[in-house]
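Below: the structure, in structure tokens.
The values are calculated or read from the model by the stated rules, or taken from the named source; none is laboratory data. Computed from a predicted model, the values in this text were never measured in an experiment. Quick reminder, even Gly has a Cβ in these numbers, built from the backbone with ideal geometry, and neighbours come from all protein chains shown.
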Amino acid sequence: MDTSLMGKSRTDSEVPPLTEEFHRAAKQIIARYPSAQSRSALLPLLYLAQSEHGFVSPQAMREIGSLLGLSRAEVGAVATFYTMFKRDPQGRWLVSVCTQPSCALAGGRALLERLQETLGIATGETTEDRAISIEEVECLCACDGAPVFQINYENYERMSVDSAAEMIGSLRGGATPPAGARGGVPEEFKPVSRRMAGLTSPMPRARETVE
Amino acid sequence: VTTTLQETKVISARFDVEGADRFEGYVANGGYEALKKALSMSPDEVVDLIKTSGLRGRGGAGFPTGTKWSFIPKDIRPSYLVCNADEGEPGTFKDRELMERDPHQMIEGMAIGAYAIGSHEMYVFCRGEFAYAARQLERAAAEAYERGYLGKNIVGSGYDLDFIIHRGAGAYICGEETALLEAIEGRRGQPRLRPPFPATHGLFAKPTVVNNVETFACVPHIVTNGADWFKGYGTEKSPGTKIFCLSGDVERPGNYEVPFGTTARELIEGFAGGVKDGKKLKAFTPGGASSTQFFGPDKIDVEMDWEAVQAAGSLLGTGAIIVFAEDVCMVRAALRYTRFYAHESCGKCTPCREGTYWMENTLRRFEEGHGREEDLQIMNDVAGNIIGRSFCALGDFSIAPVTSTIKLFSDEYRAHITKGGCPFER
């Protein structure tokens, strides 16, 4: 269902065509799936396109469609179904705040309200300097660490509203986030989207021997 | 409740062992011995062993795993094995931790399952937001390939096996197994009509087994220690151990592995240290937001296994115990869960798509001070038109927060009407 949680759609953003590097990487991703199943590469390719533009543009959807033999509508239907494919250019740091009860009771709701206030943007929006986007998300399944939020899908847990808001606010001044709860320091949104495409996942090695 | 509570760590035994998430550490702690043993057995013997163990699926439904494996026809190839790692049930956080802390255990369990059903290609559908878990899986898979535990002729057995990681992109419904298969096939994650079932027409319309992360994590231990050992834990119909996820208003939220049949009291008051700040318990979910009935304090002695929780009027689900203290507004909690379902409804069928939308709107009226007495009946009516009329279980489960809270806490709804708004702080 298309709700405010998904953000508004903007179709007038001008983007360059997908690069040669995109098409090289796309070949690798398509090869991960059985030969007649290239459509399975659609979700990874949408991540890959997002890594070039910072969102999934209508133009990228058309290009991916012609690569996989799908119509623009078929690609668009998929791209708009999943919340992690963004229809607006995202900031360098996407802050996702969980407001499900386990987190809300521990301060998640208060954090989201504070961020909207201090950053001057609503959920689904991006600051004018393109540093930060914020979104409200469903359970991130780390409820023992409530309140939980993510920066570019890296978890931050058990932080007070004050310290979380201060750390996130500092990203506007060009700071990079500290390490998250699992020790990882998030990369910016575009390289993280590339990681999501799974180019670093092992490729199948045994398939050609299978009947 | 005793003060010497101890977990029964089987699948979480390596969680705190330094380096057990790497190949060498895993092998040094008994890892991959079960796979070697399974490869020396016939596939049918492995299926029979899992059947005999009584292992039931940990994704929520509790379907017997060995039986599911035995449904795979032998004369249709290829067949596929898929791990459902799209954990998203509010309050659940066991699969994420199993992948983050012991990724090889899951891979080993999957490899044994693939061998048992004659599949040479296995997929893990990993929730998109689980960036760290996915990195752990990628590294573990690369290590397993490098050491010959994945790929051609694994551990010299003559058996070939590939492992493919496919990431989700933000959709709770993909935890439903046919929606998950759609997502791997590059489509919208909407459930398929059944029959045909995945056992014959699953991934790429081929025979497919889909099991949860925690289910696969149990498999190596059963192969190593035997079915009788496994049945030594838990109850007759719910054998083994289970990771319960304790969160919300408790002193020590976390994952606790205990035998099935452990009471909710032992988990909440014992392991999790009781309700936070000395407050009283108002309610808890036995199985996450999708528990068909939330429980009040009168149910705290319920034994946490499939049969006992169902007999008490709810479902064990994923074993996510979310605790609400006495000062929590249950109308607001119901609103948050219902908004979750409204957002995550895939839109395919009308009762779920429209029903969740109207339940959310009506609940919001209460929070905003415009609730009316007749709204309680309206919400129950809407719920009655969702359950049993939806395309998949998401719709059926979506009514639980509404119907549960109206049943247990109608006085809170009325307090909202009387006050003209929410009378609670949190």
* **Test for A:ALA175: is it at negative phi, at pLDDT 95 or above and among the hydrophobic types (A, V, I, L, M, F, W, C)** => no
* When B:THR67 is evaluated against the numbered criteria (1) among the hydroxyl-bearing types (Ser, Thr, Tyr); (2) within 14 Å of chain A (Cβ to nearest Cβ); (3) under 27 Å from B:MET304 (Cβ atoms); (4) more than 14 Å from the chain's Cα centre (by Cα), which criterion, by number, is the only one it fails? -> (2)
* Asked: Considering only residues of the stretch A:87-117 that are of a type in the set (Ser, Thr, Tyr) and in contact with a Gly (Cβ under 6 Å, 6 or more places away or on another chain), which is farthest from the other protein chains (Cβ to nearest Cβ)?
  -> A:THR99
* Asked: Looking at the stretch B:384-426, which of its residues are buried (at least 19 other Cβ atoms within 10 Å of the Cβ) and small (Gly, Ala, Ser)?
  -> B:SER390, B:GLY395, B:SER398, B:ALA400, B:SER404
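In this structure, is B:SER12 small (Gly, Ala, Ser), farther than 28 Å from B:THR178 by Cβ and surrounded by fewer than 21 Cβ atoms within 10 Å (Cβ to Cβ)?
Details: small (Gly, Ala, Ser): yes; farther than 28 Å from B:THR178 by Cβ: yes; surrounded by fewer than 21 Cβ atoms within 10 Å (Cβ to Cβ): no.
When the stated conditions are applied, B:SER12 does not pass them.
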* From (1) buried (at least 24 other Cβ atoms within 10 Å of the Cβ); (2) in contact with a Phe, Trp or Tyr (Cβ under 7 Å, 6 or more places away or on another chain); (3) assigned to a helix (DSSP H, G or I); (4) within 14 Å of chain A (Cβ to nearest Cβ), pick out the condition that doesn't hold for B:VAL82. => (3)
* **Residue selected from the stretch B:144-155 under the condition among the charged types (D, E, K, R) and more than 7 Å from chain A (Cβ to nearest Cβ), by the criterion surrounded by the fewest Cβ atoms within 10 Å (Cβ to Cβ)** => B:GLU146
* To do: Confirm whether B:THR200 is of a type in the set (S, T, N, Q), more than 13 Å from chain A (Cβ to nearest Cβ), out of contact with any His (no Cβ under 6 Å at 6 or more places or on another chain) and not in a helix (DSSP H, G or I).
  => yes
* To do: Run down B:GLU182, B:GLU129 and say which single residue is assigned to a helix (DSSP H, G or I), out of contact with any helix residue (DSSP H, G or I) (no Cβ under 7 Å at 6 or more places or on another chain) and of a type in the set (Asp, Glu).
  => B:GLU182
* To do: Return the residue satisfying two criteria in turn: it lies in the stretch B:228-256 and is touching a residue at least 24 places away in the same chain (Cβ under 8 Å) and in contact with a Cys (Cβ under 7 Å, 6 or more places away or on another chain), and of such residues it is nearest to the other protein chains (Cβ to nearest Cβ).
  => B:SER247
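Would you be able to tell me the number of residues in the stretch A:180-199 that are at the interface with chain B (Cβ under 9 Å from one of its Cβ atoms) and either part of a loop (DSSP other than H, G, I, E, B) or at positive phi (or both)? Reasoning before the result, please.
To start, the set of residues in the stretch A:180-199 that are at the interface with chain B (Cβ under 9 Å from one of its Cβ atoms) comprises A:180-184, A:186, A:192, A:195-198.
Now drop any that are not either part of a loop (DSSP other than H, G, I, E, B) or at positive phi (or both), which leaves A:180-184, A:186, A:197-198.
So the answer is 8.
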* Asked: What do you reckon, is B:GLY175 under 20 Å from B:PHE63 (Cβ atoms) and touching an Asp or Glu at 6+ places or on another chain (Cβ under 6 Å)?
  -> yes
* The listed residue being within 11 Å of another protein chain (Cβ to nearest Cβ) and of a type outside the set (Ser, Thr, Tyr), out of A:MET84, A:MET61 -> A:MET84
* Consider A:GLU52 carefully, then state whether it is over 20 Å from the mean Cα position of the chain (by Cα) and in a helix (DSSP H, G or I). => no
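Residues that are at pLDDT 95 or above and more than 19 Å from B:THR262 (Cβ to Cβ): list the helices (runs of 4 or more DSSP H) wholly contained in the stretch B:294-384 that include at least 3 such residues.
Details: elements: B:306-311, B:330-344, B:350-367.
Result: B:330-344, B:350-367.
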* Only one residue in A:PRO177, A:PRO202 is within 7 Å of chain B (Cβ to nearest Cβ) and surrounded by fewer than 24 Cβ atoms within 10 Å (Cβ to Cβ), so which one is that? -> A:PRO202
* Output the residues belonging to the stretch A:16-40 that are more than 7 Å from chain B (Cβ to nearest Cβ), assigned to a helix (DSSP H, G or I) and under 18 Å from B:MET122 (Cα atoms). => A:ILE29, A:ILE30, A:ALA31, A:SER38
* Asked: Looking at the stretch A:134-170, which of its residues are polar (S, T, N, Q) and more than 10 Å from chain B (Cβ to nearest Cβ)?
  -> A:SER160, A:SER163, A:SER170
* To do: Taking the residues in the stretch B:31-64 that are farther than 16 Å from B:ILE117 by Cβ and more than 26 Å from the chain's Cα centre (by Cα) as candidates, determine which candidate is surrounded by the fewest Cβ atoms within 10 Å (Cβ to Cβ).
  => B:SER40
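Checking the conditions here, which among A:SER102, A:SER66, A:SER71, A:SER40 is more than 20 Å from A:GLY198 (Cα to Cα) and surrounded by 22 or more Cβ atoms within 10 Å (Cβ to Cβ)?
Values: A:SER66 fails: surrounded by 22 or more Cβ atoms within 10 Å (Cβ to Cβ); A:SER71 fails: surrounded by 22 or more Cβ atoms within 10 Å (Cβ to Cβ); A:SER40 fails: more than 20 Å from A:GLY198 (Cα to Cα).
The conditions single out A:SER102.
Tell me, which residue of the stretch A:145-174 that is of a type in the set (Val, Ile, Thr) and over 19 Å from B:LYS94 (Cα atoms) is surrounded by the fewest Cβ atoms within 10 Å (Cβ to Cβ)?
Quick first cut of the stretch A:145-174, residues of a type in the set (Val, Ile, Thr) only: A:148, A:151, A:161, A:168.
Now restrict to residues that are over 19 Å from B:LYS94 (Cα atoms): A:151, A:161, A:168.
Working: A:ILE151: 24, A:VAL161: 18, A:ILE168: 26.
So, considering only residues that are of a type in the set (Val, Ile, Thr) and over 19 Å from B:LYS94 (Cα atoms), the one surrounded by the fewest Cβ atoms within 10 Å (Cβ to Cβ) is A:VAL161.
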* Which residues, counting only those in the stretch B:386-426, are of a type in the set (A, V, I, L, M, F, W, C) and in a loop (DSSP other than H, G, I, E, B)? -> B:ILE387, B:PHE391, B:CYS392, B:ILE399, B:PHE409, B:CYS422, B:PHE424
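When residues of the stretch A:134-156 are filtered for being closer than 14 Å to B:PHE130 by Cα, at pLDDT 95 or above and outside any helix (DSSP H, G or I), how many remain? Walk me through how you get there before you give the answer.
Taking the stretch A:134-156 and keeping what is closer than 14 Å to B:PHE130 by Cα, we get A:137-143, A:148-156.
When the remaining residues are screened for being at pLDDT 95 or above, the result is A:137, A:139-143, A:148-156.
Subset that is outside any helix (DSSP H, G or I): A:137, A:139-142, A:148-156.
Summing the residues that are closer than 14 Å to B:PHE130 by Cα, at pLDDT 95 or above and outside any helix (DSSP H, G or I) in the stretch A:134-156 gives 14.
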* Is at least one residue of the stretch A:117-124 touching a helix residue (DSSP H, G or I) at 6+ places or on another chain (Cβ under 9 Å), surrounded by fewer than 22 Cβ atoms within 10 Å (Cβ to Cβ), of a type in the set (Val, Ile, Thr) and closer than 28 Å to B:ASP86 by Cα? -> yes
* Collect the residues in the stretch B:218-263 that are farther than 12 Å from B:ILE11 by Cα and of a type in the set (D, E, K, R), keeping them in residue-number order. => B:ASP228, B:LYS231, B:GLU236, B:LYS237, B:ASP249, B:GLU251, B:ARG252
* Asked: For the stretch B:118-125, does any single residue satisfy the condition of being touching a Phe, Trp or Tyr at 6+ places or on another chain (Cβ under 8 Å) and either in a helix (DSSP H, G or I) or modelled with pLDDT under 95 (or both)?
  -> no
* **Count of residues meeting criterion [at negative phi, without any contact (Cβ under 8 Å) to a residue 40 or more places away in the chain and of a type in the set (Gly, Ala, Ser)] in the stretch B:372-424** => 4
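Looking at B:ALA141, B:ALA134, B:ALA111, which one is facing chain A (nearest Cβ under 9 Å) and crowded, with 24+ Cβ neighbours inside 10 Å? Reasoning before the result, please.
On the way: B:ALA141 fails: crowded, with 24+ Cβ neighbours inside 10 Å; B:ALA111 fails: facing chain A (nearest Cβ under 9 Å).
Step by step, each of B:ALA141, B:ALA134, B:ALA111 is checked, and only B:ALA134 is facing chain A (nearest Cβ under 9 Å) and crowded, with 24+ Cβ neighbours inside 10 Å.
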